[in-house]
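A short write-up of the structure that comes next.
The values are calculated or read from the model by the stated rules, or taken from the named source; none is laboratory data. These numbers come from a predicted model, not from an experiment. Counting neighbours? That spans all protein chains shown, and the Cβs are built from the backbone with ideal geometry, glycine included. The area values use the complete protein model at the heavy-atom level, side chains included, leaving out ligands, DNA and RNA. Shrake-Rupley method; radii C 1.70, N 1.55, O 1.52, S 1.80 Å.
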Amino acid sequence: MALVMVIEDEEALALLLKYNLEKEGYEVLWESRGSKALAEIEKNCPSVILLDWMLPEMSGVEICRLIRSKPDIKNIPVIMLTAKGEEEDKVKGLSAGADDYVTKPFSVPELMARVKTNLRRAPELVQHKEFVFEDIRMDLVEKKVFRGENYIHLGPTEFRLLRMLMETPGRVFSRETLLKTVWGDNIYVESRTVDVHIRRLRKSLNQYGPDYIRTVRATGYSIDTAPGDGGEEEGETPE
Ligand code: CA
């Protein structure tokens, strides 16, 4: 069953959407605030997102930008809902990465048709079900990591880091790139934080095999069978 995320602060409208979507056979998650909604999106990976333009705290446009900046969720179709039909808003919404745009008041059958259309696009957009590098396997559907037969428990940040590295083995990612894509643009994190999470990731992965995370001095990290320049996270003092 497809999961639809509704981000809307008008309760009456949210309930109307929820009722109609459930009637169509969808599972529905509803949030009224951006920060909470983003956390739910990352956790549940919905098939399509209905996003209101005017929201408290964070606007729909900001939320859309954040969704597009996160590798795990950036391909989820977003349909923007807005009270205004102004051309300028439409342009803003689409340039923030929205896939579709519906003006309030909308007819329910029309919105349901849009949901269906965007859902049809969704399976093509989910490009990978798993990543494999040597004996490391990431199941992106179950969100689980295995090394050989061993299940490896990773925290959400380590999971996202590993996902990024495994998407293109051999490519060296700078700390800045990792920060931007794993933590997002708007969150202030020191680049040393990357090192801390890489250390945790290494510790978990290396329980069952050799270290494939390569440290490239003054640059960043990659996943590779080639040896790194020392193996330690940069900036760490040897004990
Ligand atoms: Ca609103």
Going through segment 62-78 one residue at a time, which ones are open to solvent by 60 Å² or more (accessible area, probe 1.4 Å) and of a type in the set (Asp, Glu)? 62
The condition of being within 16 Å of the ligand (Cβ to nearest atom) and touching a residue at least 12 places away in the same chain (Cβ under 8 Å) holds, among 51, 66, only for 51
State yes or no: is residue 168 within 16 Å of residue 74 (Cβ to Cβ) and out of contact with any Pro (no Cβ under 7 Å at 6 or more places or on another chain)? yes
Quick one: how many residues across segment 182-218 are in contact with an Asp or Glu (Cβ under 9 Å, 6 or more places away or on another chain) and in a loop (DSSP other than H, G, I, E, B)? 7
Within segment 161-193, can you find the residues that are touching a Lys or Arg at 6+ places or on another chain (Cβ under 8 Å) and either under 25 Å from residue 63 (Cβ atoms) or open to solvent by 60 Å² or more (accessible area, probe 1.4 Å) (or both)? 181, 182, 184, 185
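Yes/no matrix, rows are residues, columns are (1) out of contact with any strand residue (DSSP E or B) (no Cβ under 9 Å at 6 or more places or on another chain); (2) modelled with pLDDT of 90 or more:
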| position | (1), (2) |
| --- | --- |
| 99 | no, no |
| 106 | no, no |
| 119 | no, no |
| 125 | yes, no |
| 129 | no, no |
| 133 | no, yes |
| 145 | no, yes |
| 149 | yes, yes |
| 159 | no, yes |
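Please determine whether any residue of segment 20-39 is touching a residue at least 60 places away in the same chain (Cβ under 8 Å) and within 13 Å of the ligand (Cβ to nearest atom).
no
Let's see how each residue does on (1) within 19 Å of the chain's Cα centre (by Cα); (2) surrounded by fewer than 21 Cβ atoms within 10 Å (Cβ to Cβ); (3) among the acidic types (Asp, Glu):
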{"residue": "80", "(1), (2), (3)": "yes, no, no"}
{"residue": "90", "(1), (2), (3)": "no, yes, no"}
{"residue": "95", "(1), (2), (3)": "yes, yes, no"}
{"residue": "115", "(1), (2), (3)": "no, no, no"}
Flag for residue 59 being within 14 Å of the ligand (Cβ to nearest atom), of a type in the set (S, T, N, Q), within 20 Å of residue 82 (Cα to Cα) and open to solvent by 20 Å² or more (accessible area, probe 1.4 Å): yes
